[in-house]
1. Select from region 120-134 the residues that are out of contact with any Asp or Glu (no Cβ under 8 Å at 6 or more places or on another chain) and within 10 Å of ligand 2 (Cβ to nearest atom) and list them in ascending order.
2. Being surrounded by 15 or more Cβ atoms within 10 Å (Cβ to Cβ) and part of a helix (DSSP H, G or I) is the filter; apply it to region 327-349 and report the residue that is nearest to ligand 1 (Cβ to nearest atom).
3. Restrict the check to region 91-100 and report whether at least one residue is closer than 23 Å to A205 by Cβ and either within 16 Å of ligand 2 (Cβ to nearest atom) or at pLDDT below 95 (or both).
4. Could you run through region 367-384 and say how many residues are near ligand 1 (Cβ under 8 Å from one of its atoms) and hydrophobic (A, V, I, L, M, F, W, C)?
5. Report whether or not R147 is at pLDDT below 95 and more than 18 Å from E447 (Cα to Cα).
6. For residues that are part of a loop (DSSP other than H, G, I, E, B) and modelled with pLDDT of 90 or more, tally how many sit in region 654-669.
7. Could you please find all residues in region 459-482 being assigned to a helix (DSSP H, G or I) and in contact (Cβ under 8 Å) with a residue 60 or more places away in the chain?
8. In region 533-548, what count of residues is obtained for those that are surrounded by fewer than 21 Cβ atoms within 10 Å (Cβ to Cβ), at pLDDT 90 or above and either within 19 Å of V664 (Cα to Cα) or in contact with a Pro (Cβ under 9 Å, 6 or more places away or on another chain) (or both)?
Amino acid sequence: QRYRDPTAGEKMNPFAEQEAWEDHQIGKATLNFGSKNKRRMSDDYQFVFEDQIDFIKASVMEGDKFDEEQTELHEQSKAQSALEKLQAERKTLPIYQYRDELLKAVHDHQVLVIVGETGSGKTTQIPQYLHEAGYTKHGKVGCTQPRRVAAMSVAARVSQEMGVKLGHEVGYSIRFEDCTSEKTVLKYMTDGMLLREFLGEPDLAGYSVVMVDEAHERTLSTDILFGLVKDIVRFRPDLKLLISSATLDAEKFSDYFDSAPIFKIPGRRYPVEIHYTKAPEADYLDAAIVTALQIHVTQPPGDILVFLTGQEEIETAEEIMKHRIRGLGTKIAELIICPIYANLPTELQAKIFEPTPEGARKVVLATNIAETSLTIDGIKYVIDPGFCKMKSYNPRTGMESLLVSPISKASANQRAGRSGRTGPGKCFRLYTAYNYYNDLDDNTVPEIQRTNLANVVLMLKSLGIHDLLHFDFMDPPPSEALLKSLELLFALSALNKLGELTKVGRRMAEFPLDPMLSKMIVASEKYKCSDEIISIAAMLSIGNSIFYRPKDKQVHADNARMNFHAGNVGDHIALLKVRSMKRARDIRDQLEGLLERVEIELVSNPNDLEAIKKSITSGFFPHSGRLQKNGSYRTVKHPQTVHIHPSSGLAQVLPRWVVYHELVLTTKEYMRQVTELKPEWLVEIAPHYYQLKDVEDSTSKKMPRGEGRAS
Ligand code: CDP
Ligand code: MG
């Protein structure tokens, strides 16, 4: 229970419709959902059914080869009118009226802060205006986004508006995926990717304009970019720098960039009615689902946007909703459920932007991505449970965790605003007015103050920036966090005692990975198993999705995974994993290219498991754990009780010593991706980090002496 509300039970707010809204408990009683068994059976049908659809589609295509010419003509004119329609739409955006004024301001000032409501057209239009005004004749226009999905979807939209193929004139670049070409003049990318471009091109010579978009998000990469681009504009007078933000808190950006002028795009914002719950909700997910269905049944047309915290939660909500809708019978209008989160396959992302068919209603289940990064038209109702997943970092232990935390007032207001873009809207906050005024912070703490900085420190060091304590941060990170990352990089032999980059560190910096992963790869040279290690790194980089476990096919997925652990990879796993495997393959190819760049030979040594494990240990030795009598583990350096994640192949084996990839906190603190190790390796590989006394076991008195450090 995060919220405590002394006024719970009092009627806080006099809005109309409040009654209907508070009645949602009634809706709860009548909205039923089917039994578990029933669900499973229908899923089996669905499985077969999907194959049949593919089969049907294939046969239709076979028979469809007639009249190709006519179809082509038809397609052409259809594309033409679609383009015209998009051009007309562009002119209706709030920013359009200010096009010339904006271009003049960009012409007159080197650095400009641009502020405008979400949906006013900043991200999609400004780069196009700059292109039309000739800025792309002498370089690219780069536009950064904090999120992968936003970079991809915005680039796709702009390429449509310009009538060009995505990846040609308009492209995007995200980690491990470069969809640009020689032709590309408008480049959307994650802020992290632009940061990496500094390594190859420290003055960003290929760009005529850099637009740091969604600046208010204050991601770690954006904050570091601020410092770097601020420096560049001093010696590149021809470079234009735009800082764009959705919130009015722009003075801070202006002050930081030596009083750069602020260009405000007057917003078109309709009134939004805010509704609060009377008492705190015990189960916000259930409350959100009930509220959405209640809106669907009782409120006039308009789409619904629900803010949830992550993929898992969104999938759960989708499943429950589908079943409850079935329980509502056939008299109810169609409700189209559209999930959107960072790992959603690209093909499925497009669905949220498709206009809602007449008579139906769309409910978008989104993470924070829909707060300001993506604009979805037609939203009239917003449901805000008041939470998001937030990274937090403990500099003392060096542990990072992702926790569901209350949002800030600024976030809550952004969320509410999403309902009033095209007409008056309503926002349902699943918390009390008292919570809003008294418990929520005004603003979200910038990421730089709550994250592990090892990655960024390594990057800044490789850019030749040594004095990190005096780097021009907009908000400086806590100095303990900086020290902690220097310590880690020293332990990984990326920095020497003076804090200077070593050869190992220089090689590590070439990989767009966390330092521990990069170190594992660099160390594989010594153990002659680089081939296997980059495969492992690629698999780890795509995260959990390798064992894709769609909510509605969990049984299949789990069976498939069990087969996998038993050593016989079944057909199911191949079927289920094709997409993720392809991505892992792509990442692996790129890592192979990077190996070549740092002159590490690709050597395969599949049978020497000890060599592979030692390479892993070379990167992850700070993550070691020792088995306790009760079956839990104790981390070695900063003692903490942890467990092997139930999905691990070692969950039943419980080896005495392990290294793990990461800790995740769910019901317990779990180690995910676990490998057995011999304690003497720790001393052998990291003698500067572990001493014999750290790894001495009561059962094994004699310990072989370390051979020296791996580097
Ligand atoms: O950046 P800002 O929030 O100011 O607006 P934008 O992202 O440029 O969006 C302007 C308009 O483009 C939105 O209202 C959407 O209608 C449209 N858009 C879209 O249809 N599909 C996208 N992927 C992005 C934008
Ligand atoms: Mg935008």
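The values are calculated or read from the model by the stated rules, or taken from the named source; none is laboratory data. Owing to the predicted nature of the structure, the values given are computational and were not obtained by experimental measurement. Heads up, the Cβs are rebuilt from the backbone with ideal geometry, glycines too, and the neighbour counts pull from every protein chain shown.
1. S120, G121, Q125, I126
2. Here the residue is Q349.
3. Among the residues of region 91-100, not one is closer than 23 Å to A205 by Cβ and either within 16 Å of ligand 2 (Cβ to nearest atom) or at pLDDT below 95 (or both), which makes the answer no.
4. The total comes to 2.
5. Answer is no for this residue.
6. 3
7. Those that are assigned to a helix (DSSP H, G or I) and in contact (Cβ under 8 Å) with a residue 60 or more places away in the chain: M459, L460, S462, E480, A481.
8. Here the count works out to 0.
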